[in-house]
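The values are calculated or read from the model by the stated rules, or taken from the named source; none is laboratory data. All values reported here derive from a predicted model rather than from experimental measurement. Quick reminder, even Gly has a Cβ in these numbers, built from the backbone with ideal geometry, and neighbours come from all protein chains shown. Keep in mind that these areas ignore ligands, DNA and RNA; they rest on the heavy atoms of the full protein, side chains included. Shrake-Rupley method; radii C 1.70, N 1.55, O 1.52, S 1.80 Å.
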Amino acid sequence: MIPFNAPPVVGTEIEYMQAAMGSGKLCGDGGFTRRCQQWMEHRFGCKKVLLTPSCTASLEMAALLLNIQPGDEVIMPSYTFVSTANAFVLRGAKVVFVDIRPDTMNIDEKLIEAAITEKTRAIVPVHYAGVACEMDTIMAIANKHNLFVVEDAAQGVMSTYKGRALGTIGHIGCFSFHETKNYTAGGEGGATLINDPSLIERAEIIREKGTNRSQFFRGQVDKYTWRDIGSSYLMADLQAAYLWAQLEAAEKINQQRLKLWHAYYDALTPLAKAGRIELPSIPKDCVQNAHMFYIKLRDIDDRSALISWLKEAEILAVFHYIPLHDCPAGEKFGYFHGEDHFTTQESERLLRLPLFYNLSPANQRTVINTLLSFFS
Ligand SMILES: *Cc1c(COP(=O)(O)O)cnc(C)c1O
């Protein structure tokens, strides 16, 4: 069986996890957490990176940090993971879904401004497949209307837009280190990137159960107390140890994923030229991280047939998001602004192929050959 995904393993994880176990400190904000945070701050050019239990937690932190209140509106694509919406719905916000661009599956930046009302507080672009949204346009709209931008960069670690790392362009960025993402913190994990310096102090407080414990540990205050609302958004240091192994090998993992991505792209280009499938397109300002390789079939029936064909050959290929505005909770907590030209149609055509760090070239060849045989 060729799985759709396997968690990345580089080999040094066990050594670092043992070191964490021997350090006498397994809770959050230990040595490995500090190393991971500093590495990311340096590598991505970010003012403050805070490890969290998940990207879901990071998005929730962002909603708390921006003081999202009942009745506020938050603009995002409908074609995304539930956590993008839940984080804001938990604060009582209404989610306003905007259509996507068919070329990148990202929010159509040209449709955002028309969806803004006096209740709008934030825009949440999702960098689908690690390919950047049109951030210059989105930031200009946000500045003009005095809105916050929270980048859901769950899939975008190591990708850039005009040379800037995804997650560092909006006021806040959110990474995922879930096992399905490019780098993992032993299964689950995330990071909150604070790019607006005025948000840093409160971000630390919210993450530490509403206390100024981070300042206390740095010796900036002589006792710590309850300051604000908050929760526990720390990652265990044992997990950070796993993540550290992955970050040390980040370049290698990235190159390997890109190699697999291009092998699919090259092998499937004849099918695309013959008009049988569509391949992903990467806008010229974007450097991607090969988070995902997807193809688009003619329609949902074609896709179902191909999924079955692959399954018959013991290959797991999977589709993705059921648009949120079509889900029971999406109807309850949000609405679709404008026309759904592409969200539903394109989501029904899209199929993701196995792509993970430890995918062997032989297994990838099998996937490619099985796919080609479907079309011949
Ligand atoms: C994976 C993902 C999330 C959630 O990440 P977790 O770390 O599992 O909470 C959120 N948004 C997007 C776009 C994702 O792909």
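May I ask you to list the residues in the stretch 330-376 that are of a type in the set (D, E, K, R), assigned to a helix (DSSP H, G or I) and under 25 Å from the mean Cα position of the chain (by Cα)? Give the derivation first.
Going through the stretch 330-376, the residues of a type in the set (D, E, K, R) turn out to be 331-332, 339-340, 346, 348-349, 352, 365.
Keeping just the survivors that are assigned to a helix (DSSP H, G or I) gives 331-332, 346, 348-349, 365.
Matches in the stretch 330-376: Glu331, Lys332, Glu346, Glu348, Arg349.
Is the stretch 115-126 home to any residue that is closer than 30 Å to Lys252 by Cβ and surrounded by 18 or more Cβ atoms within 10 Å (Cβ to Cβ)?
Let us first name the residues in the stretch 115-126 that are closer than 30 Å to Lys252 by Cβ, namely 125-126.
Next, only the ones that are surrounded by 18 or more Cβ atoms within 10 Å (Cβ to Cβ) stay: 125-126.
Yes: one or more hits.
What do you reckon, is Ile107 of a type in the set (Val, Ile, Thr) and over 15 Å from the mean Cα position of the chain (by Cα)? Steps first, please.
Details: of a type in the set (Val, Ile, Thr): yes; over 15 Å from the mean Cα position of the chain (by Cα): no.
Considered against the rule, which asks whether it is of a type in the set (Val, Ile, Thr) and over 15 Å from the mean Cα position of the chain (by Cα), Ile107 comes out as no.
Is there any pair linking a residue in the stretch 179-198 that is closer than 17 Å to Leu166 by Cβ to one that is more than 11 Å from the ligand (Cβ to nearest atom) and charged (D, E, K, R), with Cβ under 7 Å and at least six apart or on different chains, and which?
Pairs found: Asn182/Arg257; Ile194/Lys47; Ile194/Lys48; Asn195/Lys47.
Do we find a residue being closer than 28 Å to Ile229 by Cα, over 13 Å from the mean Cα position of the chain (by Cα) and not charged (D, E, K, R) anywhere in the stretch 151-160?
The answer is no; no qualifying residue exists.
Considering each residue of the stretch 49-81, count those that are near the ligand (Cβ under 9 Å from one of its atoms), under 24 Å from Ala236 (Cβ atoms) and out of contact with any Gly (no Cβ under 8 Å at 6 or more places or on another chain), and give that number.
2
If you go through the stretch 169-184 one residue at a time, do you hit one that is within 11 Å of the ligand (Cβ to nearest atom), of a type in the set (Lys, Arg) and open to solvent by 30 Å² or more (accessible area, probe 1.4 Å)?
Yes, the stretch 169-184 contains at least one residue that is within 11 Å of the ligand (Cβ to nearest atom), of a type in the set (Lys, Arg) and open to solvent by 30 Å² or more (accessible area, probe 1.4 Å).
Can you find a residue in the stretch 318-339 that is at pLDDT 95 or above, out of contact with any Ser or Thr (no Cβ under 7 Å at 6 or more places or on another chain) and within 19 Å of Leu268 (Cα to Cα)?
Checked the stretch 318-339: at least one residue is at pLDDT 95 or above, out of contact with any Ser or Thr (no Cβ under 7 Å at 6 or more places or on another chain) and within 19 Å of Leu268 (Cα to Cα).
Inside the stretch 234-322, counting only helices (runs of 4 or more DSSP H) that do not spill past its ends, which hold 3 or more residues that are hydrophobic (A, V, I, L, M, F, W, C) and surrounded by fewer than 21 Cβ atoms within 10 Å (Cβ to Cβ)? Let's see the steps before the verdict.
On the way: elements: 237-248, 250-273, 300-312.
Once the helices (runs of 4 or more DSSP H) in the stretch 234-322 are filtered for at least 3 residues that are hydrophobic (A, V, I, L, M, F, W, C) and surrounded by fewer than 21 Cβ atoms within 10 Å (Cβ to Cβ), what remains is 250-273, 300-312.
Among the candidates Phe44, Phe88, which residue alone is touching a strand residue (DSSP E or B) at 6+ places or on another chain (Cβ under 7 Å), under 30 Å from Val318 (Cβ atoms) and free of Cβ contacts under 8 Å to residues at least 40 places away in the same chain? Spell out the reasoning first.
Working: Phe44 fails: free of Cβ contacts under 8 Å to residues at least 40 places away in the same chain.
Sole residue among the options that is touching a strand residue (DSSP E or B) at 6+ places or on another chain (Cβ under 7 Å), under 30 Å from Val318 (Cβ atoms) and free of Cβ contacts under 8 Å to residues at least 40 places away in the same chain: Phe88.
Run Asp152 past the list (1) charged (D, E, K, R); (2) buried (at least 24 other Cβ atoms within 10 Å of the Cβ); (3) over 17 Å from Leu324 (Cα atoms) and report the number of the one that doesn't hold.
That leaves (3) as the condition not met.
Collect the residues in the stretch 94-114 that are aliphatic (A, V, I, L, M) and either open to solvent by less than 10 Å² (accessible area, probe 1.4 Å) or under 14 Å from Val149 (Cα atoms) (or both), keeping them in residue-number order.
Just the residues of the stretch 94-114 that are aliphatic (A, V, I, L, M), to begin with: 95-96, 98, 100, 105, 107, 111-112, 114.
Of everything in the stretch 94-114, those that are aliphatic (A, V, I, L, M) and either open to solvent by less than 10 Å² (accessible area, probe 1.4 Å) or under 14 Å from Val149 (Cα atoms) (or both) turn out to be Val95, Val96, Val98, Ile100, Met105, Ile107, Ile112.
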